[in-house]
Each structure stands twice: as C-alpha cells, then as structure tokens.
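Notes follow the structure.
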Amino acid sequence: LAGRFASAFFSTLTIPTVFFLGQKLFTTKVGLLSALFFALTVSSLQSAHFSTPESFLALSVTLLSLLSLRLFQKPNLSNSLLTAALLGASAAAKTTALIFAVIPITAHILAGLGDRKNLIQINLYLIPFLTLTIITFTLLSPYTFLSWNKFMESMVYESGVVAGTLPVPYTLQFTGTTPYLFQVQNLIFQIGLILIPAILGLFIIIFKAIKTRDSKFAIFLV
C-alpha cells in the first residue's frame, strides 16, 4: 500500500513537471499537450498503479531536465548543487539512474561554451556537483557501502538477468524474439498512437536545430 501510494504520488507530480518543461522549451500549448499525452500514456498509468521505482525515475529525469535547462540558462553554483542533489537521490532509488548524469553534465558544458569569460569557473562547478551527488547517494543509500559485497552480488545478479544468462520468469517474454524489433513493438503497446507524433516531433526538432543552428533544444531533448 505504501509503495503504490508513492508510485501514484510521483507519477502525479510528473504531470505538472512535464508541463513546465514543455512550456520552458516551447510554449504553454506544447506544455499542456505534453502533460496530457503523458497522463494518458499506458506505461505512465501502469507504473502509477504498482510499487516500482519507475514512477520516481520518470519524475527524476523530467525534473532533472527542467533543472538542467535552468542551469544552462543561469549557470551558478546553487543551480548546479540542486541538480546534483536530485541526481544523487535518483541513483539511490535505482542505480541505473546514474545514466541521467549526462543531462546536467551536458548543461554544464554548454553553459561554459556559451559564456567564454566564465568557461573555467562554470566547468569547475562540476567538482562540487559530483561531490554532492556522491554524498546524497551515500546518505540515501548507505548500505551500498556498508554492505559493499552484498551490493556487488546484487549488481552481478541483475547484470546476469539483463544479459539473459540468468533466466527469471519476467524475462521469458524476450525468449525467441527479434532484438530491437520486439522492443519497438512493445513500445507501441506501452505508449500507444502518441508514439507516432512523438517520433515525428523528435525529427522536426533535430531538423529545426540544424537549420537554425540552435542546438540547445536538440541536445537537451535528444
């Protein structure tokens, strides 16, 4: 019951976060449509009803994108540390969230390139950023280090499950399927018809960024 409440709570919070991100990048209409599409997506509804970390990760990556965009526009230490705290909390919920680090790190680099006078100072923000990320992760997931051997055993087990060398009931659906093609087909069931305008929109964004030589939207979204 506690887990399902948390999933529903984080999924609900993601809706306004998606709106603000769409509004910040484009317009209010885009933000409203994006929030509506997310709220009606099958996978969003599914994760909101079950006790899984995916609902929190969806909120994390969306909020992290929003904060990273703010960091890009106003590069300062406080914005950098705010994204670091969120990244550390996300990784504490699920270790694979560490891949989200590419978003704020990209924001730091782009902000530095956009402000050549403070290039070194902005890039130096990465040091306290990475430090606070590790501290937040440690505080929220202390047994990662207190029981390091158990943590590594868990990682080896999960790696085996992902690689398919350790068969478990919930991965039997992948047996005998065509790699990538099966995932795309599953994505259609997870997202629905919204997937079509989503893919078209992605290509339009990339084309527009190349045409106008404004890579900000493309880099953050892609």
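The values are calculated or read from the model by the stated rules, or taken from the named source; none is laboratory data. All values reported here derive from a predicted model rather than from experimental measurement. FYI the Cβ positions are ideal-geometry reconstructions off the backbone, even for glycines, and counts take in every protein chain you see. With ligands, DNA and RNA removed, areas are computed over all heavy atoms of the protein, side chains included. Shrake-Rupley method; radii C 1.70, N 1.55, O 1.52, S 1.80 Å.
Below is a table of values for the structure above.
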{"read-out": "Semi-axis lengths, Å, region 154-210, gyration tensor of Cα atoms, sqrt of 5 times eigenvalues", "value": "32, 15, 9"}
{"read-out": "Where region 31-178 is the region considered: accessible area per residue in Å², 1.4 Å probe", "value": "58"}
{"read-out": "Kirkwood hydrodynamic radius (C-alpha pairs) into Stokes-Einstein, the chain, 37 °C and 0.692 mPa s, D in µm²/s", "value": "169"}
{"read-out": "At R0 = 25 Å, FRET efficiency that the Cβ-Cβ distance of residue 76 and residue 139 yields, to 0.05", "value": "0.60"}
{"read-out": "Centre separation in Å (Cα based) which lies between region 97-117 and region 132-179", "value": "27"}
{"read-out": "Sequence of 213, 70 when ordered by accessible area, the most exposed leading, probe 1.4 angstrom", "value": "213, 70"}
{"read-out": "Accessible area, probe 1.4 Å, largest first, for residues 180, 125, 143", "value": "180, 143, 125"}
{"read-out": "Largest to smallest accessible area among 4, 116 [probe 1.4 Å]", "value": "116, 4"}
{"read-out": "For residue 212, solvent-accessible area (1.4 Å; no DNA, RNA or ligand), Å²", "value": "80"}
{"read-out": "FRET efficiency for residue 43 and residue 149, using Cβ-Cβ distance with R0 set to 41 Å, rounded to 0.05", "value": "0.75"}
{"read-out": "P(r) tail fraction, region 28-123 - alpha-carbon pairs more than 16 Å apart, %", "value": "60"}
{"read-out": "MRE, 222 nm, helices only [DSSP H, n ≥ 4, -39500 (n - 2.57), over the chain, to nearest 500]", "value": "-24500 deg cm²/dmol"}
{"read-out": "Protein accessible area in region 18-91, 1.4 Å probe - carbon and sulfur %", "value": "73"}
